[in-house]
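Have a look at the structure below, then the notes.
The values are calculated or read from the model by the stated rules, or taken from the named source; none is laboratory data. Since the model is a prediction, treat every value here as computed from it, not as a measurement. For neighbour counting, all protein chains shown are included, and Cβ atoms are generated from backbone atoms with ideal geometry for every residue, glycine included.
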């Protein structure tokens, strides 16, 4: 009688352990990601915001959101001026190791700010995706400003850089390695 009781306790314990192990390794039919040796197909793109610049008044912007991908100082200097004050710092891009992404739009009275909402890189294809939003104030201001967002990304031979306004693909730039 004692052996039957002991045997039933041991069998119940084994069943509990085997069911618990099954749950830990098989969650909704997928494998545990900590044991998967493959790299994640996408990751976060390193973006360094650049401040202290404005769009030169010789540049006309007609689209709601206009993008540039700039790989040299001459093009950068032809588009943007330096907005130096007594207490701001000007972030200088390094065109030897970085590409500059610029987003701007026509001048507006509504205090619109262009924001980078996400930046990812596909680790398999080396393609980059940047998504932007441009929220505006409800109240009209007294002066028009031309919103500008500038940022530098590593120059790593990306095949394609996709630039989105919200969920809408605005432009695709094919870069040469």
Of the residues in region 100-128 that are over 18 Å from residue 147 (Cα atoms) and in contact (Cβ under 8 Å) with a residue 60 or more places away in the chain, the one that is surrounded by the most Cβ atoms within 10 Å (Cβ to Cβ) is 128
Checking 32, 63, 36 in turn, the sole residue that is modelled with pLDDT under 90 and touching a helix residue (DSSP H, G or I) at 6+ places or on another chain (Cβ under 8 Å) turns out to be 32
When region 124-143 is checked residue by residue, the ones that are out of contact with any strand residue (DSSP E or B) (no Cβ under 6 Å at 6 or more places or on another chain) and either outside any loop (DSSP other than H, G, I, E, B) or under 22 Å from residue 55 (Cα atoms) (or both) are 134, 135, 136, 137, 140, 141, 142, 143
Flagged in region 145-163 as closer than 15 Å to residue 64 by Cα and outside any strand (DSSP E or B), in numbering order, are 146, 147
When you look at residue 58, is it more than 16 Å from residue 154 (Cα to Cα), surrounded by 14 or more Cβ atoms within 10 Å (Cβ to Cβ) and either over 22 Å from the mean Cα position of the chain (by Cα) or in the same structural domain as residue 153 (by TED's automatic domain parsing) (or both), yes or no?
-> no
